[in-house]
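One structure is given here, and the rest of the page talks about it.
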Amino acid sequence: MKIDGWRKKIDAIDTAMLHLLSLRTELALEVGKVKNDEGLALRVPAREHEILTRMKHLNPGPLDGISIDKIYQVILDESIRTQVSHGCGKEAPPKREAHAPKRSDRRRHSRR
């Protein structure tokens, strides 16, 4: 097969993926509405970990686990962002890494 044939196949898959991502986001919006109604947090780290672990376990390759983790982390982050933008609650601030200095500590230790 020539490159144009491969590109047409990739384009078809990209289109299907976009439709599936849109469907997933619509479902995430419904979950966000329920969470908002019940006063629950949008971001549930245990659930996100469960999704990432399941996807990496189901991955047949050739993408490695790091790639799957990155792809699904973006999907999860964008789901939360979309829920927030549709009024389903507020996004919790990201957790600060234990080893990352606080902003005030960085100023104290910076050279001028």
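The values are calculated or read from the model by the stated rules, or taken from the named source; none is laboratory data. None of the values given here were measured: they were computed from a predicted structure. Quick reminder, even Gly has a Cβ in these numbers, built from the backbone with ideal geometry, and neighbours come from all protein chains shown.
Within region 25-38, the residues that satisfy the criterion of being within 19 Å of residue 71 (Cβ to Cβ) and in contact with a helix residue (DSSP H, G or I) (Cβ under 7 Å, 6 or more places away or on another chain) are 25, 28. As a summary of the residue check, residue 63 satisfies the conditions (1) assigned to a helix (DSSP H, G or I); (2) under 21 Å from residue 21 (Cβ atoms) except for the one numbered (1).
Restricting to region 1-46, and then to whatever is assigned to a loop (DSSP other than H, G, I, E, B) and within 17 Å of the chain's Cα centre (by Cα), can you tell me which residue is surrounded by the fewest Cβ atoms within 10 Å (Cβ to Cβ)?
41
Taking the condition surrounded by 15 or more Cβ atoms within 10 Å (Cβ to Cβ) and modelled with pLDDT of 95 or more, does residue 79 pass? Spelling it out, residue 79 is indeed surrounded by 15 or more Cβ atoms within 10 Å (Cβ to Cβ) and modelled with pLDDT of 95 or more.
Among the residues making up region 4-30, those that are charged (D, E, K, R) and over 18 Å from residue 89 (Cα atoms) are 4, 7, 8, 9, 11, 14, 24.
Please indicate, with yes or no, whether at least one residue in region 87-105 is acidic (Asp, Glu), at pLDDT 95 or above and under 28 Å from residue 26 (Cβ atoms). Taking every residue of region 87-105 in turn, none turns out to be acidic (Asp, Glu), at pLDDT 95 or above and under 28 Å from residue 26 (Cβ atoms). Residue 85: within 13 Å of the chain's Cα centre (by Cα) and hydroxyl-bearing (Ser, Thr, Tyr), yes or no? Judged against the criteria, residue 85 is not a match.
Residues are listed down the side, and each one gets a yes or a no for (1) of a type in the set (Val, Ile, Thr); (2) more than 17 Å from residue 90 (Cα to Cα); (3) touching a residue at least 60 places away in the same chain (Cβ under 8 Å):
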position	(1), (2), (3)
32	no, no, no
46	no, yes, no
63	no, yes, no
71	yes, yes, no
